[in-house]
Structure formats: C-alpha cells, structure tokens
1. Answer with yes or no whether SER153 is touching a strand residue (DSSP E or B) at 6+ places or on another chain (Cβ under 6 Å) and not acidic (Asp, Glu).
2. Just to confirm my filter: which helices (runs of 4 or more DSSP H) fall fully inside the stretch 1-97 and include at least 3 residues that are of a type outside the set (Lys, Arg), modelled with pLDDT under 95 and loosely packed, with under 11 Cβ neighbours inside 10 Å?
3. I'm trying to understand the selection: among the residues of the stretch 136-170, which are out of contact with any Cys (no Cβ under 8 Å at 6 or more places or on another chain), open to solvent by 10 Å² or more (accessible area, probe 1.4 Å) and hydroxyl-bearing (Ser, Thr, Tyr)?
4. Answer yes if at least one residue in the stretch 109-123 is over 21 Å from ASN43 (Cβ atoms) and among the aliphatic types (A, V, I, L, M), and no otherwise.
5. Select from the stretch 171-230 the residues that are among the acidic types (Asp, Glu) and more than 24 Å from the chain's Cα centre (by Cα) and write down the one among them that is most open to solvent (accessible area, probe 1.4 Å).
6. Every residue in the stretch 78-124 that is over 18 Å from LEU157 (Cα atoms) and β-branched (Val, Ile, Thr), please.
7. Any residue at all in the stretch 105-127 that's open to solvent by 50 Å² or more (accessible area, probe 1.4 Å), under 30 Å from GLU144 (Cβ atoms), β-branched (Val, Ile, Thr) and touching a residue at least 24 places away in the same chain (Cβ under 8 Å)?
Amino acid sequence: MRRSAARKSGQSNSIAPITSSAADLFRSASSKASSKEMERIDNLFYSYANISSGLIDPEGIENLCSDMEVDHTDVRILMLAWKMKAEKQGYFTLEEWRRGLKALRADTVNKLKKALPELEKEVKRPSNFVDFYAYSFRYCLTEEKQKSIDIESICQLLDLVLGSHFRAQVDYFIEYLKIQNDYKVINMDQWMGFYHFCTEISFSDLSNYDPELAWPLILDNFVEWMQEKRT
C-alpha cells in the first residue's frame, strides 16, 4: 500500500512541471506573436513617417489615405485620429500610431482599411460619439493656447462630424452662422451646446427650447432667427 501511495505521489509531482512548462510555452508564444505584431505596426509607421521629424506628417497621412483608397477629408480619418488619441492635427507620433493600430488589430494597410467600418460603428455609439464630437473640436485647435475656431472652419467641421446625424439642424445652423455678424469664432462651450441642442430640442418647431435655461447666447439668437424665418 505504501508503494502504491508513493507512486501516486510521484505521478502528482511529475504533472506539475509539465503543466507549468505548457503555460510557459503558451506565454512565450503569445509574447512572440505580440512582439511580431508590434514590429509590423512599427514598420508600417516608418513607411509613412517623415525621416527627419520621425512623425507621420500631412503628406504621410495623404499617402496612407491613398493606399487605403479613402479621401483624406473622410470623417473616418478623423475617427482614426480619435482612436489614436492624436494630439496634433495632421500628425501621428509612433506612440499614437501604436495605440490606435494595436486597438484595431491592424498591422497592414489592408487590415487598417478593413477596420474602418467597425471603427465607424464604435464611434457612432452614443457613449463614444459625444467624446468624439468634443475631440474633433480640440483636434482643430492648431495654435498654442487657442480656444476657439473661425466660423468657416466650424461650418466645415459641423458638416463633417454632425451632418449625417442631424442634417436639418446642421444645415440651418451653418446658414445662420454664415449670415450673422456677431460671432467670428466659436468656442468649446458653444460647440458642445449645439450638440445638446440637436439631441434635446424638438426640431423644427423648437417647442421645448427654453431661453431661460443655460444655453449659449448664440443658440438663443439662432432660435430667434429660426422663428423669424418661419413667420
């Protein structure tokens, strides 16, 4: 009986190293695969990066768009910048590139192109879209300490980011912005205010708009203009 117990004990001890070895092999293989993927992501970055700056610059982004057969003004390129958390308009750092492409599981141009439809779906989820909308404004602040964006650029950005969601509101607001003379620039508070206007206010009757609430003044003026336009 003692010999049998000893054998069982011996068998149990021999299993542990085998199991441990299998786990180590799996971790090692996984680590190597991840390392290879990151190497391909890095190589892809350097194929578009400017050698002297070490960044993907506007020319590099245009080349990337050309290879993906996507126009550089396509909103999905802005979505890609959002996914990377890119800080400077028209430029991608290696760290930003790694962050975005790893999240998208894309280590080739073809994979990146195929990831764009899913990225678009991700951005359009309500919980993500408000963050993307705010990001699109910050991304266009190209000067140090800049806090506002000129009306012409805002009109283009509204059409790009919000046009497919709230076509009528965007068209009327752009029309208003182009004819009014009180505002030369739009700030973040006004930008976000218009998003909340689109999601909360009945359009086009504006029946639940209350100017006594804390709406930006530009929206009070816009609503007044809309009401005059109707009559």
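The values are calculated or read from the model by the stated rules, or taken from the named source; none is laboratory data. All figures in this text were calculated on a predicted structure; none of them were measured in a lab. As a convention, Cβ positions derive from the backbone with ideal geometry for all residues, glycine included, and neighbour counts pool all protein chains shown. Surface areas here come from the heavy atoms of the whole protein model, side chains and all, with no ligands, DNA or RNA. Shrake-Rupley method; radii C 1.70, N 1.55, O 1.52, S 1.80 Å.
1. Answer is no for this residue.
2. Hits in the stretch 1-97: 2-48.
3. Matches in the stretch 136-170: TYR139, THR142, SER148, SER164.
4. Scanning the stretch 109-123, I find at least one residue that is over 21 Å from ASN43 (Cβ atoms) and among the aliphatic types (A, V, I, L, M), so the answer is yes.
5. Looking at the filtered set, the residue picked out is GLU212.
6. THR93, THR108, VAL109
7. no
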